[in-house]
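Engineer: Below you will find the structure I want to go over with you.
Any read-out appearing in this document is the output of simple, stated calculations on the displayed coordinates, not a laboratory observation. Quantities reported herein were computed from a predicted structural model and do not represent experimental measurements. With ideal geometry, Cβ positions are generated from the backbone for all residues, glycine too; neighbour counts draw on all protein chains shown.
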Amino acid sequence: MVMNEKKEQKTDPQACSYITFNTVDWVDVFVRPVYKQIIVDELNCCIVSKGLIVYAWCLMSNHLHLLARNSDPGGLARIERDFKKVTTNKILEALDTSTDLRKEWMLRRFEHCSQSLKRIEKFQVWQTCSNPSFIDFKQVFKLKEKVLHIHENPVRDGIVDRPGDYLFSSARDYDGVKGLVRTTVIDFKDLLKQMIRT
């Protein structure tokens, strides 16, 4: 019985997951535009070619928040694995050709974490655990709370005064401005109407 419920959750078209990808040792990788662009490009690639649907996102210096689902029955786990692998390789390539003063320090951190986890890969950029939490679209207030939480990250960190002023986030899309990632904006008014009707 429990197995069936879990299976339904994975394929439920009216559901999504709140996920956070953290860098190892909370290394502030995403402070330079070249590394930020890698994340933006790969998110868009996953949306176009892998069925990822992103409802909200925010890239901070050492973590990425996502509210997303996968239209493919394979679920988000496969996309997460591929996303981390591709972005790790591209970040390492960018580091190799960069003049970043933190280059050697970051590579040492990535290598140390990989050795600590006894990984095959020489370098580990992302923590292995993302702790996704499932949210049904019928939970409108919880869904809205997560979107706001994601968008308010740069405000809480004192980077911007308003969420929509932060470039590396879907807050701009929710303000009616086209953002960097192909975001599917949630119409909360419509969701509330649907909830009232049912």
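Yes/no per residue for (1) surrounded by 14 or more Cβ atoms within 10 Å (Cβ to Cβ); (2) touching an Asp or Glu at 6+ places or on another chain (Cβ under 8 Å); (3) of a type in the set (A, V, I, L, M, F, W, C):
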site	(1), (2), (3)
L43	yes, no, yes
S49	no, no, no
S61	yes, yes, no
R69	yes, no, no
R81	no, no, no
T88	yes, yes, no
T99	no, no, no
L107	yes, no, yes
E111	yes, no, no
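Engineer: Tell me whether the range 137-160 contains one or more residues that are in contact (Cβ under 8 Å) with a residue 24 or more places away in the chain, aliphatic (A, V, I, L, M) and touching a Lys or Arg at 6+ places or on another chain (Cβ under 8 Å).
Structural biologist: Looking for residues that are in contact (Cβ under 8 Å) with a residue 24 or more places away in the chain, aliphatic (A, V, I, L, M) and touching a Lys or Arg at 6+ places or on another chain (Cβ under 8 Å), one finds none in the range 137-160, hence no.
Engineer: Would you confirm, using the coordinates I've provided, whether R182 is crowded, with 19+ Cβ neighbours inside 10 Å, within 18 Å of the chain's Cα centre (by Cα) and among the basic types (K, R)?
Structural biologist: Here the answer is no, as R182 does not meet what is asked.
Engineer: To continue, here is another question. Please verify whether S170 is farther than 17 Å from V31 by Cα, within 16 Å of the chain's Cα centre (by Cα) and among the small types (G, A, S), treating the condition exactly as stated.
Structural biologist: Judged against the criteria, S170 is a match.
Engineer: Here is a further query. Can you name every residue in the range 18-34 that is assigned to a helix (DSSP H, G or I) and in contact with an Asp or Glu (Cβ under 9 Å, 6 or more places away or on another chain)?
Structural biologist: Answer for the range 18-34, where residues must be assigned to a helix (DSSP H, G or I) and in contact with an Asp or Glu (Cβ under 9 Å, 6 or more places away or on another chain): just V34.
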